[in-house]
Amino acid sequence: MRKEPAPQASTPEAGTSAPTQSSGAILFVSADTRGYLGPCGCSENMRGGIGRAAFQVSEARKGGLPVLYVDGGNSLFGETTLKPGQVPQEELKARALADAMRLMGLAVRATGPLDDTRGAAFRQGLGLPEVGDGAVKLLPAGSRQVGIVSAETGTQLVTASAQARSQGADFVVGLLDAPLEEAQKAAELPGLAVDVLVATRSATELSGEQNRLVKSAVPVVAPQSKGRSLVRVDLSYAPRPGRFSLQKGQADMEREVAALEQRAVLLDKDINQPGIDPKLKALKQAKRDELVARKQALVSAPPAAASDVNGFTVRFVPLEAGLPSLPDAQALVARYDAEVGKLNLAWAKEHGQDCPAPAKGQSSFVGNAPCKSCHEEAFPLWEKSKHHHAWETLVDLGKQHHLNCVGCHVTGWEQPSGVCRLDKVEGREDVGCESCHGPGSAHVDEPSSDNIVASPGEALCVTCHNAENSPHFDFATYLPRILGPGHGEPVSAKPSGSPADAQKPAKP
């Protein structure tokens, strides 16, 4: 269904006022942000954050070339439907994202299904400049015109790109509301007149974990989802207008960036290792920061201009931890963090409903106290674990009332007889016994290995330790951190490997 553009906002199109005889221009494209203002912070060195994105755009504008910031859509929300309790938080977050885009000088954006979660009226009410499906938006970029076309289908994309050329676009960016694989097929369609095609939606929530660039006749790009990377396109102008071609000679830079990323991934795995020595962790973090700085210098350096042809390059700018954030954008995030907890708590008190009772014959949650009456020997080990401090980590960050976070930091979130209200968390804080072993009422009444999960497996752990929140999770490595005398081993046994003190992980 075609989405009509919203009325143009009074957003400053920063970069478009540069001298008309500029030697080129810089385009930044975001897409598939899925309602993320920043990473959750559950692991070290997580990418992303609208503040970091804003800083990159701001720094580029200091160079004198026209700079255009475009959003490909699917950015305002993470789901197409929301539960009533999610609505206040997600609408507030969408407004914060819109404010950040305005701050970045958004030139235009496409829209997708993840933008219309609260309806077209809500989206249009944000006042962001939009280009509708099958439509064209021309943006001045110094001595050239950049055409932005939005489409839901390949056929629509072909028609709109031809229209952009007929209207005078020198360089055309296609924004296709589809995953990478579909965009690749569209890139091969006869008559397609785009110079670069952006796939603006990953197939599933967890499928956009990597930046992808396919160097076909029409380059196809898919940025890492959830606001973790920007696409950067550098344009180089020849004396005379004409079609643009992808510049050669970037292979060495790309190989060096890939090598630096691989080394950073290995360091991340070590840095996130449970129980790592703090001094060793600091050394590895310093090395990682050095690699990030080297990579950042490579991806932000202007490419060598080709004086005799109109050329362009395509790069990704990963928004790495440790990179600066634009203070004004970070202030928007801080205001959201401060307001959303109060908003969610107030909603829970006024509208919240308790979790339903379990089905007949099913166990209910009883809390840790009944477990301790029979398994007291297991508690000293648990009390030293991060599981026992799960709620405290949220309190320290002021995120104990954020709906995106609380589910993995309490016991029985949104499960029958569990916790369904932010104002009724008391007694269920932390990752308790029943988080791993299941509701325990039947086991308390009649202890048996048949009515409790005696040995939880990896499948349960990864419901929270997933690719997003815990990307370096390794079941075999993490499991020993929660096992030991009284919990998986006889009380008389001594922990294997490291001394007992090592059973207490460093507090995040």
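Does region 413-420 include one or more residues that are modelled with pLDDT of 90 or more, farther than 30 Å from Gln224 by Cα, polar (S, T, N, Q) and touching a Cys at 6+ places or on another chain (Cβ under 9 Å)? There is at least one residue in region 413-420 that is modelled with pLDDT of 90 or more, farther than 30 Å from Gln224 by Cα, polar (S, T, N, Q) and touching a Cys at 6+ places or on another chain (Cβ under 9 Å).
What number of residues in region 411-423 are open to solvent by 10 Å² or more (accessible area, probe 1.4 Å), under 25 Å from Gly361 (Cβ atoms) and in contact (Cβ under 8 Å) with a residue 60 or more places away in the chain? Qualifying residue count for the region: 5. Tally the residues that are in contact with a Lys or Arg (Cβ under 8 Å, 6 or more places away or on another chain), in a loop (DSSP other than H, G, I, E, B) and closer than 14 Å to Val233 by Cβ, restricting the search to region 295-323. Residues that pass the stated criteria total 1. Candidates in region 21-77 are the residues that are among the polar types (S, T, N, Q) and not in a loop (DSSP other than H, G, I, E, B); of these, the one that is farthest from Val231 (Cα to Cα) is Ser58.
The residues in region 97-125 that are touching a helix residue (DSSP H, G or I) at 6+ places or on another chain (Cβ under 9 Å), part of a helix (DSSP H, G or I) and open to solvent by 50 Å² or more (accessible area, probe 1.4 Å) can be counted, and the count is 2. Note on region 252-276: among residues that are open to solvent by less than 40 Å² (accessible area, probe 1.4 Å) and of a type in the set (A, V, I, L, M, F, W, C), the one that is farthest from Leu479 (Cα to Cα) is Met253. Apart from one condition, Val333 fits all of (1) of a type outside the set (Asp, Glu); (2) within 30 Å of Lys93 (Cβ to Cβ); (3) out of contact with any Ser or Thr (no Cβ under 9 Å at 6 or more places or on another chain); the exception is (3).
Of all residues in region 305-338, none satisfies the criterion of being more than 30 Å from Val194 (Cβ to Cβ), open to solvent by 60 Å² or more (accessible area, probe 1.4 Å), at pLDDT below 95 and of a type in the set (Asp, Glu). Among the residues of region 287-301, not one is free of Cβ contacts under 8 Å to residues at least 60 places away in the same chain, open to solvent by less than 40 Å² (accessible area, probe 1.4 Å) and farther than 30 Å from Gly64 by Cα. Within region 60-77, being modelled with pLDDT under 95 and under 19 Å from the mean Cα position of the chain (by Cα) holds for no residue.
Would you check if Ala183 is in a helix (DSSP H, G or I) and touching a strand residue (DSSP E or B) at 6+ places or on another chain (Cβ under 7 Å)? It is true that Ala183 is in a helix (DSSP H, G or I) and touching a strand residue (DSSP E or B) at 6+ places or on another chain (Cβ under 7 Å).
Could you please find all residues in region 375-389 being closer than 18 Å to Ser492 by Cβ and either touching a Pro at 6+ places or on another chain (Cβ under 7 Å) or surrounded by 14 or more Cβ atoms within 10 Å (Cβ to Cβ) (or both)? Matches in region 375-389: His375, Ala378, Phe379, Pro380, Leu381. Does region 440-465 hold any residues that are under 21 Å from Ser385 (Cα atoms) and open to solvent by 40 Å² or more (accessible area, probe 1.4 Å), and which are they? The answer is Val453, Ala454, Ser455, Glu458, Ala459, Leu460, Val462, Thr463, Cys464, His465. Residue by residue through region 277-286, note down the ones that are exposed (fewer than 15 other Cβ atoms within 10 Å of the Cβ) and either touching a helix residue (DSSP H, G or I) at 6+ places or on another chain (Cβ under 7 Å) or under 23 Å from Ala258 (Cα atoms) (or both). Passing the criteria: Leu283, Ala286. Remark: pairs (first residue in region 252-263, among the acidic types (Asp, Glu); second residue open to solvent by 50 Å² or more (accessible area, probe 1.4 Å); Cβ separation under 9 Å; 6+ apart in sequence or on different chains) = Glu254/Leu213; Glu256/Arg294.
If I go through region 445-465 residue by residue, how many of them are assigned to a loop (DSSP other than H, G, I, E, B) and closer than 12 Å to Ser363 by Cβ? Selection size over region 445-465: 6.
Against the definition (of a type in the set (A, V, I, L, M, F, W, C), more than 29 Å from the chain's Cα centre (by Cα) and part of a helix (DSSP H, G or I)), how does Ala378 come out, yes or no? Against the criterion (of a type in the set (A, V, I, L, M, F, W, C), more than 29 Å from the chain's Cα centre (by Cα) and part of a helix (DSSP H, G or I)), Ala378 qualifies.
Suppose we keep only residues that are among the polar types (S, T, N, Q) and open to solvent by 10 Å² or more (accessible area, probe 1.4 Å) within region 146-199. Which one would you say is nearest to Pro66 (Cα to Cα)? Once the filter is applied, the top-ranked residue is Gln167. Looking only at residues of region 39-59 that are at pLDDT 95 or above and open to solvent by 30 Å² or more (accessible area, probe 1.4 Å), we find that the one that is nearest to Tyr478 (Cα to Cα) is Arg52. If you check Gln163, Gln156, Gln184, Gln167 for being at pLDDT 95 or above, within 13 Å of Ala222 (Cβ to Cβ), of a type in the set (S, T, N, Q) and out of contact with any helix residue (DSSP H, G or I) (no Cβ under 7 Å at 6 or more places or on another chain), only one passes: Gln184. Taking (1) more than 27 Å from Asp354 (Cβ to Cβ); (2) surrounded by fewer than 17 Cβ atoms within 10 Å (Cβ to Cβ) in turn, Pro140 satisfies each apart from (2). Filter region 200-212 down to residues that are touching a residue at least 40 places away in the same chain (Cβ under 8 Å), farther than 17 Å from Leu319 by Cβ and not basic (Lys, Arg) and give me whichever is least open to solvent (accessible area, probe 1.4 Å). Within region 200-212, the match that is least open to solvent (accessible area, probe 1.4 Å) is Thr200. Close Cβ contacts (under 9 Å, 6 or more residues apart or on different chains) running from residues in region 342-361 that are closer than 21 Å to Lys93 by Cβ to residues that are assigned to a helix (DSSP H, G or I) and of a type in the set (Lys, Arg) comprise Ala348/Lys424; Gly352/Lys424. When region 268-285 is filtered for residues that are within 24 Å of the chain's Cα centre (by Cα), assigned to a helix (DSSP H, G or I) and not β-branched (Val, Ile, Thr), the ones remaining, listed by number, are Asp268, Lys269, Asp270, Gln285.
Annotation note: of Cys408, Cys436, Cys355, Cys371, the sole residue that is more than 24 Å from the chain's Cα centre (by Cα), under 22 Å from Leu460 (Cα atoms) and crowded, with 19+ Cβ neighbours inside 10 Å is Cys371.
The values are calculated or read from the model by the stated rules, or taken from the named source; none is laboratory data. Treat the numbers as computed from the prediction; the structure is a model and nothing was measured. Because the Cβ atoms are built from the backbone with ideal geometry, glycine has one as well, and the counts that use them run over all protein chains shown. Only protein heavy atoms, including side chains, enter the accessible area calculation; ligands, DNA and RNA are left aside. Shrake-Rupley method; radii C 1.70, N 1.55, O 1.52, S 1.80 Å.
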